[in-house]
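Below: the structure, in structure tokens.
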Amino acid sequence: MKKNLRVKSSKFIDETYRIGFKFNGIKYYGFKGDTLASALIANDIHLVGRSFKYHRPRGIMTAGSEEPNAIIQLHNNSSRTEPNVRATEVEIYEGLEASSQNCWPSVNFDIGGINNFLSPILPAGFYYKTFMWPANFWEKYEYFIRKSAGLGKSPTEPDPDIYEHRYIHCDVLVIGAGISGIIAAKISAKKGFKTLLVDENPYLGGSTIIQNSEFFKLNNQTSGSWLEKEINEIKKIDNLEIKTRTSVAAYHGYNFLLARENLTDHLPIENRKNKTRQRLLKIRAKKVITATGAIERPLIFNNNDRPGILLSSAIKKYADLYGVSCGEKNIFLTNNDSAYEAAISLIQKGINVAAIVDNREQVDSKLLYEVEKNNTKVFKGFTVTDTFGYKRINKIQIMQLSKDGQKVVGSKINLSCDCLGISGGWTPAIHLYTQSGGKLKFREEDQVFIPKNQSLDHLSVGSCNGDMTLNEIMTNLLKDLKLFLDINDTDYENIEVLSCFNQSKRNIWLLPSDKNLGKTKPFVDYQNDATAKDIKLALREGFRSIEHVKRYTTTGMGTDQGKLGNMHALGIISETAGAKMGELGTTTFRPPYTPLTFGTIVGRNVGEFFDTFRKTPMHDWHVKNKAKFENVGQWKRAWYYPKNNESMHQTVQRESKAARDSAGILDASTLGKIDIQGTDASEFLNRVYTNAWSKLAIGKCRYGLMLNEDGMVYDDGVTTRLGENHYIMTTTTGGAATVMGKLEDYLQTEWPELDVYLTSVTDQFATASVCGPNSKKIISKIFPNLDLSDGNFPHMSFKNTKIGNISCRVMRISFTGELSFEINVQANYAKSMWEKCIEAGKEFNITPYGTETMHLLRAEKGFIIVGQDTDATMTPIDLQMDWIVSKKKYDFIGKRSLYRSDTIREDRKQLVGLLTENPKEVLEEGAQIVTDIKKLPIEMIGHVTSSYYSPNLDKSIALGVVKGGKNLIGKKLIIPMENKNINVTVADPVFLDKENKRLNA
Amino acid sequence: MFVINCPYCGEREQSEFKAGGEAHIVRPKQPTELSDDQWAEYLFMRKNIKGIQYERWNHAHGCRKWFNMVRDTSNDKIKAVYKMGEEPPTE
Ligand SMILES: [Zn+2]
């Protein structure tokens, strides 16, 4: 018969609103207000997954974001599928489908469960020890490990949901809307501060809002009903913004925080259309108050991981908030008063509490007397030594603890149960505080880490600050807030507080069993299956640092980052190694506090908005003429223009030949352009380029090479003198921004005395480069009044001219070795200018060519491309460009470095040409160059940097860098490839027209 | 992420700025007169201090001005910002 585990209607659950959902393919019902976990428990389902390593059956353990076990997959086989979701955080909605994820073939029959029986041979570091050797076997091991230990499936289709980012600036951010957060937010907002209150839950009030007990009162009302009134009040305050379902993921320096606001995950799927699913809030707060509460600790004892074993606070929350009983025969194991709070809640609702096993020997607690009054047996000074029941706990074995708590004594007592609540006290949730750089101190009395000091811009309040009782919370909260917010008094000065919580605790990190530790399974990290044994083994094997033990045993390395068990791991290390807790330190809690979806992280920056790209004014023409594009920096550059199903190779061969035989045209608009003006402009160029500029006549152009201070080539380009104090510099496409930045840097910091002004005009001008033997005829058609004779307009000169009323700067410069003209116009006229060139060139078969042909043409001439033929280790001397380095100039950027002992070495890698023995064989760029393939290890003496098949020379050509290459001209070298060795001869890097006759053809 | 007080613009998000390494390393006026070791000292040697460090920063996505910053690298607190050419604050 189906059990009715709904015990009493809760005001947080709407029992008139029934919701159907599926778990592992079976349909169940819950109510509005349920989480997946509470709805499953109401259906008497505790077994929800298998553990990572041993595949042990695992049940729901908590009722919050710290959940280690109930990790499920949402929406199977859909683009919305999401792994690693905590069932304790999922609010159910009509149509929800979820499944267990770490089990195969099913949660009830799991093949990997055999690992549980093999566990004696699966100790800590097993994976490291076993699968690391032989290293190349890893692939084979991995297949089986992955198959049986899947951690969920990622979606295979694009995420259909909408995400966004939002910036929020506020005076005070309060994280956590429990009693401390509510009071802090109210005081802050009433003082006039623009306040933001966030909480990860869908409701406000934390654990206090469900506190409906005579033993905890404020102003003579139960603390829950007192807080409810406060909540109703703060909702009316204008300058207080409240965000629920909002989890702070990261707390960075300068009070910069990231939070995820969940907007639609609780809605039925059909109500989510066109709505933003999740929002990443980027919060900059003047002051931050963390009121993140505390997380209940489990206890570490033999077989403490069976389904049906939950934190006592979770059992209380399921009963009080969701009206669900976790079992019909409940037992608690505790070392403090918390379990009694939970027991009283259950008793109030008529749920059976069979017994409480308390580690403490003597307890003077009102809560305990109340429980005993209700005929619940309390075993004082006892502990659980074992548990039974494979898929659900059905029995525990208890024994008396010895005086020192290290052993158990007396006889074994068996108690049957279907639910065991455990409480090991509380751990302040200091995760966000430490993320922000906050340091911790250890408090011996109750063995907790608490914030060491408060700062002017951050305050921890409530139980995350180590205040565990209502009295402590109220006293310290008000005192600290007044100081932090600089106020004199609050509405709460004379509040009456009643708290019956006895703070005594008997802390035993690893509870003893009658069995030898080696025969027991006391889990410390549930998600990663790390036991106390593993930690002790790591210590025996010599690990001492907590960070090392963590990685070796994988304790705290699950998606929950060990929110439950980390303290016990530390405690066991400290006891075993004889070190003090306070001195061991803790592991680092890294953002995000709970996992974030990728969608939230990227927001709207998906698809075409992933990155911005830049288009030249001629872009549409290229598209229309079927260009293929290449990304160069952020630019889309025309790469090649295939015709009639041509391959890329065929296209490039055709374009290259046309450019040399008749005419070609290239969109060169992407080159960086910097306008340089000022009386010291010439001197400035002298200092930033390797060659001399003072004598460059107005109207002339010059090629320049720019170095870094370390002597290595940084950028190159042609600079034109437009006037006495006016130059226009071109840079490489990719280098435009960094060159500009570097020039500004020198002007502002090293040479502020120079009268020079720099303006980036890359976007303001666009450029068409017309080259080839017929280029002069084409240019003369466009500019009929321009004297294009070599005398009036020689190579490396410039003219200001016009097309109609449009001003043009025409440069006669060449990157192809052909006679060539570059027309620069204001960008908005560029497309019509381009079309004019195409029109004028028609009779000469003017051929538009892209970057690939440009690269081929320049390689034929041995012109370098910075960044392709150079990396950050090539000097101009290495490039055989000694001619461009001025011997006369006293200084320029990088000059001194050109004769450092290292840069003058003869055997540096130097740029050379490479010709293959078989002229049809084209080398692979990046291929290694060697001299001797017989001598092992083979010495690599260089690599291929550029390689093409030249249609104009009808042979393969390549550039490469080779150690001592300048002195190897004519020498044979070998390029070993995967299945052949290619013989090459070192050659002059200029393959075509060494005499530069074509420039004046 | 820092909030940086640009001496020209005021407080801005760190994402608008670019870090430029150690401050107050003056480019030698006569590099050719330096030995390899002396030049290497200028070229390569940089401090990496845990504590008070003097750094160059550039308001790259703002006024594009370079300026100096005094930062405590142990806690990322910015102690001072000052313009290029100004003396570093003594305290
Ligand atoms: Zn600025």
Alpha-carbon Debye profile of the stretch A:905-1000, log10 I(q)/I(0) at 0.13, 0.14, 0.17, 0.21 Å⁻¹: -0.43, -0.49, -0.71, -1.03
Loop sites in the stretch A:331-390: GluC sites (Glu not before Pro), DSSP, at most 14 other Cβ within 10 Å: A:GLU361
Inter-probe distance in nm under a simple model that places probes 7 Å from Cα toward Cβ, at A:LYS628 and A:LYS373: 8.5
Considering only C-alpha atoms, what is the centroid distance from the stretch A:250-299 to the stretch A:536-595, in Å? 27
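Which pairs, out of A:LYS380/A:LYS580; A:LYS776/A:LYS802; A:LYS673/A:LYS802, put more than 23 Å between their alpha-carbon atoms?
Result: A:LYS380/A:LYS580 exceed 23 Å.
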Using a Gaussian network model of chain B whose springs link C-alpha atoms within less than 10 Å, name the residue from B:PHE44, B:PHE17, B:PHE67 with the highest mean-square fluctuation. B:PHE44
Note down the magnitude of the dipole of the stretch A:672-760 about its Cα centre, charges +1 on Lys and Arg C-beta and -1 on Asp and Glu C-beta and zero elsewhere, to the nearest 20 debye. 480
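Would you calculate, for the protein assembly as shown, the mean residue ellipticity at 222 nm contributed by helices, counting each DSSP H stretch of 4 or more residues as -39,500 (n - 2.57) and dividing by all residues, to the nearest 500?
-5500 deg cm²/dmol
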Please give the direction-averaged projected area of the C-alpha convex hull for the stretch A:520-597, in square nanometres with one decimal. 5.0
Taking 7 Å along the Cα-to-C-beta vector as the label spot, tell me the A:THR576-A:ASN800 distance in nanometres, rounded to one decimal. 8.3
With contacts defined as alpha carbon pairs under 8 Å and 6 or more residues apart, what's the relative contact order of chain A in percent? 9
Going by Cβ distance under 4.7 Å, what cysteines of chain B have no possible disulfide partner? B:CYS63
Placing +1 on the Cβ of each Lys and Arg and -1 on the Cβ of each Asp and Glu in chain A, which of A:ALA98, A:LEU218, A:TRP693 has its Cα farthest towards the positive end of the resulting dipole? A:ALA98
Estimate the FRET efficiency between A:GLU924 and A:SER9 by the formula 1/(1 + (r/R0)^6), using the beta-carbon distance for r and 45 Å for R0, to the nearest 0.05. 0.05
Net charge near A:LEU485: determine it from the other residues with C-beta under 9 Å of the C-beta of A:LEU485, scoring Lys and Arg +1 and Asp and Glu -1. +2
Unit charges on C-beta of K, R, D, E only; dipole of chain A, Debye: 1500
Where in the stretch A:184-255 are there chymotrypsin sites (Phe, Trp or Tyr not before Pro) that are in a DSSP coil and have at most 15 other Cβ atoms within 10 angstrom of their Cβ? A:TYR203
Lys/Arg +1, Asp/Glu -1 at C-beta; the protein assembly as shown dipole; positive extreme among A:GLY425, A:THR762, A:SER79: A:SER79
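How big is Rg to Rh over the stretch A:672-760, alpha-carbon atoms, Rh as the Kirkwood inverse-mean-distance radius?
0.92
Write out the trypsin sites (Lys or Arg not before Pro) in the stretch A:694-785 meeting two conditions: DSSP loop, and at most 16 other Cβ atoms within 10 Å of their Cβ.
Hits after loop and neighbour filter: A:LYS695.
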Within straight-line cross-link reach of A:LYS521, lysines at Cα separation under 23 Å, skipping those fewer than 8 residues along the same chain: A:LYS53, A:LYS129, A:LYS391, A:LYS395, A:LYS407, A:LYS412, A:LYS533, A:LYS536, A:LYS550, A:LYS563
Percentage relative contact order, the stretch A:310-440, counting C-alpha pairs under 8 Å, at least six apart: 27
Between B:VAL3 and A:HIS649, what's the calculated FRET efficiency when r is the beta-carbon distance and R0 is 60 Å? Round to 0.05. 0.65
Lys and Arg at +1, Asp and Glu at -1: add these up for the other residues within a Cβ distance under 10 Å of A:GLY381 and post the number. +2
Report, ordered by chain and residue number, the aspartates and glutamates lying within cross-link reach of A:LYS781, taken as a straight Cα distance under 18 Å and ignoring same-chain residues fewer than 8 apart. A:ASP790, A:GLU822, A:GLU835, A:GLU839, A:GLU843
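Kirkwood Rh, Cα Rg: Rg to Rh for the stretch A:459-541?
With Rh from the inverse mean 1/r over Cα pairs, Rg/Rh is 1.25.
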Full-stretch length increase - A:LYS482, A:ASN352 - with 0.36 nm per residue and alpha-carbon distance subtracted: 42.3 nm
The extension gain from A:ASN708 to A:ASP907, computed as 0.36 nm times the residue separation minus the Cα-Cα distance, is 69.5 nm
Provide the FRET efficiency to the nearest 0.05 for the A:GLU750-A:GLU939 pair, computing r from the beta carbons and using R0 = 30 Å. 0.15
Taking the alpha-carbon distance from A:LYS643 and a cut-off under 18 Å, which lysines remain once sequence neighbours fewer than 8 residues away in the same chain are dropped? A:LYS624, A:LYS626, A:LYS628, A:LYS657, A:LYS842
Potential extension, A:THR679-A:SER78 segment - 0.36 nm per residue separation minus Cα distance: 209.7 nm
Given the convex hull over the Cα atoms of the stretch B:3-83, what projected area results after averaging over all orientations, in nm²? 6.0
Please label the shape of the stretch A:398-440 as rounded, prolate or oblate, based on the square roots a ≥ b ≥ c of the eigenvalues of the alpha-carbon gyration tensor (a/c under 1.5 means rounded; beyond that, a/b larger than b/c means prolate, else oblate). oblate
Run the dipole for the stretch A:823-900 about the Cα centre, Lys and Arg Cβ at +1, Asp and Glu Cβ at -1, nothing else charged, and hand back the magnitude in debye, nearest 20. 500
What are the radius of gyration and Dmax of the protein assembly as shown, computed over its Cα atoms and given in Å? 37.1, 115
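Values in this text are rule-based calculations from the coordinates and carry no lab data. Remember, predicted model here, so these are calculated numbers, not experimental data. Neighbour counts run over all protein chains shown; Cβ positions are idealised from the backbone, glycine included.
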